[in-house]
Each structure stands twice: as structure tokens, then as C-alpha cells.
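What follows draws every value from the coordinates through simple rules; no lab data is involved. As the structure is a computational prediction, the values presented were derived from the model and not from experiment. Every residue, glycine among them, receives a Cβ derived from its backbone with ideal geometry; neighbour counts consider all protein chains shown.
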Amino acid sequence: MTCRTASCSCGALTATCEGEPVRVSVCHCLDCQKRSGSAFAVQARFPQERVEIAGEWREWVRIGDEGSHARFRFCPTCSSIVFYEVDEIPGFVIVPVGGFADPSFPPPHVTVYEGRQHPWLSIPGEHIERY
């Protein structure tokens, strides 16, 4: 079975994920743009029981457009977000794909908030669900 480890920039906080993600998505919302420091964010969702967290973390909670609570867990040393959970999606851990630093990571299947997508950006693929 595939096993991948995401980490913060300094390596003190890790999320080791067993198996393939159940969902890989791209988000263009303004909050994800701010969170990621990029024009979009890419994240992978794993069942909670397949994720092992190691290291110290702090939590920051953001309330989304529809009132959902996202609990971002980040390294207290380098401030990198390594994983998060959304109250409305119980039983899953979401990991920013960049934390894996793995160019062979599976591609996204979903793209959301495309109305906020930068006009110069294109996410190719006929198989992608678009919202």
C-alpha cells in the first residue's frame, strides 16, 4: 500500500498518509489563496484512520462562506500548515498537496470556486468536476 509523508518546512511536524487520497481538489477561493500564498490551493482528503500525525502543532480556526469551521493545524516553529479538518466533513483529514513535495502525487479531480479563479490560470482535464 502507498504511504506518503507531508511535512512542514522545518520538518518538525508530519502527516503520514496510508493509501491513495479519496479526493484531490483545487480551491480558488480567496481564503485558500491567502492561506496557501498562491493563486489557488491543492489539497488531498484521507480517512482519519489512515493518517498519523507526528510533532507539535497549533490550531487556527477559519469560518467559511457557508459557516463551516476549518481547523488548520500548523507547525509552531515554521508556521507551515500540514493538515486540517473541516467540522462538516467528519472522519477525514485534509493535507495540502505541496507538503508532500512529490511531483508524482495524483492529480486533482475537483476544482471549486472557479468564479474566483485568476483569469490566466487553467486547470486542464475533461475528467475534473468544476464548481
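Values computed for the structure shown
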quantity	calculated
In the range 7-22, the residues that are closer than 17 Å to PHE74 by Cα and under 13 Å from the mean Cα position of the chain (by Cα)	SER7, CYS8, ALA15, CYS17
Filtered residues of the range 33-43 (kept if surrounded by fewer than 16 Cβ atoms within 10 Å (Cβ to Cβ) and either charged (D, E, K, R) or closer than 15 Å to GLY99 by Cβ (or both))	LYS34, GLY37, SER38
Residue identified as loosely packed, with under 14 Cβ neighbours inside 10 Å, over 26 Å from GLU126 (Cβ atoms) and not aromatic (Phe, Trp, Tyr) among LEU30, LEU13	LEU30
Wholly enclosed strands (runs of 3 or more DSSP E) of the range 16-131 bearing at least 1 residues farther than 24 Å from CYS3 by Cβ and in contact (Cβ under 8 Å) with a residue 12 or more places away in the chain	23-27, 58-63, 69-74, 110-112
Residue tally, condition of a type in the set (Phe, Trp, Tyr) and at positive phi, over the range 95-131	1
Qualifying residues in the range 1-11 (those that are assigned to a loop (DSSP other than H, G, I, E, B) and in contact with a strand residue (DSSP E or B) (Cβ under 9 Å, 6 or more places away or on another chain)) - the one farthest from PHE46 (Cα to Cα)	CYS8
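For every residue, the table says whether it meets (1) closer than 20 Å to TYR131 by Cα; (2) crowded, with 17+ Cβ neighbours inside 10 Å; (3) under 13 Å from the mean Cα position of the chain (by Cα).
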| residue | (1), (2), (3) |
| --- | --- |
| VAL24 | yes, yes, yes |
| TRP60 | no, no, no |
| PHE72 | no, yes, yes |
| CYS78 | no, no, no |
| ASP102 | no, no, no |
